[in-house]
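Bear in mind that the values in this text are calculations on the coordinates, not laboratory data. In this text the structure is predicted, and so the values were computed from the model without any measurement. With ideal geometry, Cβ positions are generated from the backbone for all residues, glycine too; neighbour counts draw on all protein chains shown.
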Amino acid sequence: MSQPEAALFVTCLADLMRPEVGFAAASLIQRAGFTVVVPRQGCCGQPNYNAGDKAGARDLAKAAIAALERFEIVVVPSGSCGGMIAKHYPHLFEADDPWRPRAERLASRTLELTQFLARHPLPDGPKAPAGKIAYHDSCSARRELGVLAEPRALIAAHTDAEIVPIADAESCCGFGGTFCVKYPEISARMASEKTAAIAATGAGMLVAADLGCLLNLGGTLKRQGSPIAIKHIAELLAGEP
Amino acid sequence: MTALDFKSRAHAAMNDAKLAPALKRMKSHFQTGRAMAAARFPEFEMLRDRAAAIRRRSIALMPDLLERFEANATAAGMQVHWAADAAEACAIAARICRDNGVRRAIKSKSMATEEIHLNAHLAREGIEAIETDLGEYIIQLRGERPSHIIAPAIHLSKEDVAETFRAAHGDLPPGRDIAERTALVKEARVKLREAFLTADAGITGANMLIAETGTILLVSNEGNIDLTATAPRLHIAIAGLDKIVESWDDAGIVLRVLARSATGQDMSSYVTCLTGAAAEGEAGPRQSHIILLDNGRSAMRASNKAEMLACIRCGACLNHCPIYAATGGHAYGGTYSGPMGAVLTPLFDGLRENADLPNASTFCGRCQEVCPVRIPLPMLLRHWREDAFAAGIPPRGERWGLGLWRWAGRANWRYRLATRAASLGLRLTGWWQRGTIRRLPLAGGNFTATRDMTPPSGASFQSRWKGQR
Ligand code: SF4
């Protein structure tokens, strides 16, 4: 019996800034019993959409839809880009636009990585060593996709990590895409409040499912001279060092 | 208000050493209050759904309901006035005062009167207006505007207030002890009692207008609204058109989510319902007026921001907003602040002048999560961004960058070329800066101003993934 296929939409941030996340996600999808396909792809269009450039976002969404719509399952290692496709794509097109049903179909087939792994579990294996970790929920995963339990269950099942809660966990980390360069002072304040809460947990590592939050918080921690390392949940679960 | 822009005001606020602790107190106080109120009331979410539906229905039926309100209020003896904008509302209020020889008016907290700058207008007409809500009284003495819709003086410490009182109440002994909150409240009470007893008119806002009986409903915690509306011989209420609801049942549902969302109380301490005017021999004002204020609301109702009219001014979106928590309310530069202010201020004061407000959000969505009437605030902010983009308001560099990104993304080879170049550039910069990028001259170096950037470990994922199709 041949394996089912799943497409990986790697996100432009992981593609460029941390390719390891793409490889880790691919290996997890494989271990969950799927053949990973990486169709040629670009950006989901969120930067344009969030800047008010709806027509630009529509163009980028069309490119993504064309690349991804032939797959039964599309996996995205990011709540933010996953939410863009799963929740916002249909709104980009008017009800009578032929792209609307295509956007809706893709939206219904798109899963954020931990959502995917909750539905298509990984086989049991040796638990990856992790120690004390702080887990940060991105706002898009938490509020747009309602993903909260999935990452924690996966971490508990596949690593020996002890997850310590971050105070005021519901607050945004201050990344917000271009927000962090448009309003650097406010963004830095939000990030430093978050890193203070993370440091107070005593965790040795910060894990999240969104690279945007991780680059913001990891970069802030590093500038502060903190020893706390960052890891994307895909890297943690895949057992990457 | 200053002529500075949002960023400069935010910068000043964030460097105000006294503001940060005040905002932190506010945030934990209101957030905990709401969370506890919701936790002890299992029907809260269901009630929010009903309140959301009621408010949307009220806005959909707004013109008809307002006419019913007018008919019923008039029949009960109230005088109803319609004001198209701020200037007209101010003129009507001033005329009523003039016609009735009013020299001194007391006021309860009202965002509508803040919105139309009523006090300044009345002062120009020689009419003194004294705020009787404690917070409003304090900021009035200081010549400031409210920094929060339900806690107008939240930006001040008790030391600030003591200083303000010493400066304003020169007739009281300078050696008096007003270090503690209770002493401050007591002193304000003495001063305000004078005002209550000598005022010729009382001016209030309205939390709801109940169409079926022509009733004005007001909530407060200090009891000052009761006195303001009923002690003087004349009452003037000013309310936005959006305050309308159809029935007492509707008002009851809205009331049950309002205080829980605002302060975490199950119900505000006072709910005042006023219908008509007092007859000969009855207690209460002999003349009662209501000014129904449009000021852009009808236009908003016809736009893609119509849902904003469902707002019940509870302040929950401010209390849970990380931007508001960092900058406080004055940075927004308008009457309203926080997420709801970022939607409303461009409407009242112009989008071009306030283009920062809809942009200063990470779209974290917490405001929408706590809004009792489930207003999709991030989506409304997004609509403003779309309006701004269509009007060419964003800086040229930003529009140019977005256009380039769109163009690159339309053909995959261009996207790949861009990624390849960026990856190479970042890796070279990283190598040059010995492994960690501490300065990156992109977007003004803003990302690396407070963060280190780890350069990519190698070429992009897609360029290394074998067998791409
Ligand atoms: S938008 Fe919602 S949360 Fe904000 S003040 Fe209005 S009703 Fe309250």
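Computed values, structure above
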| quantity | calculated |
| --- | --- |
| Amide H contacts under 5 Å for residue A:132, placed H, 5+ residues apart | A:162, A:204 |
| Furthest towards positive pole of dipole, A:151, A:131, B:383, structure part the protein assembly as shown, Cβ charges | A:131 |
| Antiparallel %, DSSP beta bridges [both residues in the protein assembly as shown], to 5 | 20 percent |
| Order of A:148, B:156 - criterion: other Cβ atoms within 10 Å of each residue's Cβ, fewest first | A:148, B:156 |
| Dipole magnitude of region B:325-435 about its Cα centre (Cβ charges: Lys, Arg +1; Asp, Glu -1), debye to nearest 20 | 840 debye |
| Sites matching trypsin sites (Lys or Arg not before Pro) across region A:48-96 that sit in DSSP coil, with at most 16 neighbouring C-beta atoms within 10 Å | A:70 |
| Among B:203, B:331, B:432 the positive-end extreme of the charge dipole of the protein assembly as shown (Cβ point charges) | B:432 |
| Gyration tensor (alpha-carbon) shape descriptor, region B:41-297, a/c threshold 1.5 | oblate |
| Dipole axis of region B:325-469 (+1 Lys, Arg; -1 Asp, Glu on Cβ), positive-most option in B:395, B:341, B:467 | B:467 |
| Test item: Cα-centred dipole of chain B, Lys/Arg +1 and Asp/Glu -1 on Cβ, debye | 3180 debye |
| Percent RCO, i.e. relative contact order, over region A:5-119, from Cα pairs under 8 Å lying at least 6 residues apart | 29 percent |
| Simple Cβ-charge dipole of chain A, Lys/Arg +1 and Asp/Glu -1, about Cα centre, in debye nearest 20 | 180 debye |
| Rel. contact order, % - alpha carbon contacts under 8 angstrom, at least six apart, chain B | 19 percent |
| Which of B:351, A:92, B:172 has the fewest Cβ neighbours within 10 Å, and the rest in rising order | B:172, B:351, A:92 |
| In region B:10-119, trypsin sites (Lys or Arg not before Pro) in a DSSP loop with at most 15 other beta-carbon atoms within 10 Å | B:18, B:40, B:103 |
| Region B:1-134, relative contact order [Cα under 8 Å, separation at least 6], % | 15 percent |
| Theoretical ellipticity at 222 nm over the protein assembly as shown - DSSP helices of four or more residues, -39500 (n - 2.57) apiece, nearest 500 | -14500 deg cm²/dmol |
| Gyration tensor verdict on region B:397-468 (Cα atoms; rounded if a/c is under 1.5, prolate if a/b is larger than b/c, oblate otherwise) | oblate |
| Distance violations [Cα-Cα > 28 Å] among B:243/B:305; A:132/A:222; A:194/A:231; A:87/A:222 | A:87/A:222 |
